[in-house]
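Nothing in this text is a laboratory measurement; each read-out follows from the coordinates by a stated rule. Fair warning: this is a prediction, and the values are worked out from it, not measured in the lab. Note that we place each Cβ from the backbone using ideal geometry, even for glycine, and neighbour counts take in every protein chain shown.
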């Protein structure tokens with residue numbers, strides 16, 4: 001394959017795709033965020049890039065191995081974001097471990113957090129891969145529901161490592177609100193009333 005040069009003429013950050021106008025002229029070429037260099041900052045309009053031409057599953061022309069021609073690197077910020085999400089996950093895991101050892105929460109609740117986090121983590125790449133015209137997307141409401149039900153640790157890891165939904169301000173604000181709500185519910189479940197409700201619900205499920 002012959003390497004080509006061009007300029008990003010359109011970029012949809014929310015949906016994760018854009019178009020490159022070839023330097024040699026011709027129609028803009030579609031590219032997906034998954035085909036863009038993970039070692040660089042997210043794409044922006046007017047960014048000069050090099051790429052290869054390929055076809056997608058529908059035999060449409062698209063750009064792959066898209067890399068900025070110069071600069072636009074962001075190693076330090078990406079490492080900080082990834083490190084923060086891992087520290088957040090480990091810290092919360094230690095909180096759950098402490099509460100369980102103190103007999104303030106049950107093993108069933110810990111399992112719920114694990115299942116919700118894993119589900120949320122898997123939903124983000126599914127939505128990112130579907131960020132193309134005509135494909136089914138996972139709604140933001142679904143992602144936030146998973147977070148509020150306990151999947152926010154896994155969601156944060158997915159956001160930072162996959163660079164998906166990590167820039168949209170409204171989504172980030174709502175995400176952190178789900179974290180606050182979930183933490184508040186967890187705290188309430190450690191109180192006598194909350195503990196009684198949790199144990200009664202577990203008893204009903206086990207019957």
Using helices alone, I'd like the mean residue ellipticity at 222 nm for the chain: each DSSP H run of four-plus residues gives -39500 (n - 2.57), total over residue count, nearest 500. -17000 deg cm²/dmol
So for 108, 13, 59, fewest C-beta neighbours within 10 Å to most, what's the order? 59, 108, 13
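Show me 188-196, 27-35, 142-150 ranked by packing, highest mean number of other Cβ atoms within 10 Å first. Each step should come with its number before you reach the end.
Working: 188-196: 12.9, 27-35: 18.3, 142-150: 20.1.
Descending packing order for the listed peptides: 142-150, 27-35, 188-196.
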Which value in nm describes the separation of the simple spin-label points at residue 137 and residue 199, placed 7 Å from the Cα toward the beta carbon? 4.6
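By counting other Cβ atoms within 10 Å of each Cβ, how are 58, 2, 165 ranked from fewest to most?
Working: 58 8, 2 5, 165 21.
Final ranking by Cβ density, sparse to dense: 2, 58, 165.
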Taking Cα Rg over 2.2 N^0.38 Å as the quantity of interest, determine which of (i) 0.97; (ii) 1.28; (iii) 1.14 was computed from the displayed structure. (ii)
Between residue 3 and residue 187, what is the FRET efficiency for a Förster distance of 45 Å, r being their Cβ-Cβ separation, to the nearest 0.05? 0.20
Once both axes come from the Cα atoms, what is the angle between helix 152-162 and the longest principal axis of the chain, in degrees from 0 to 90, rounded to 10? 20
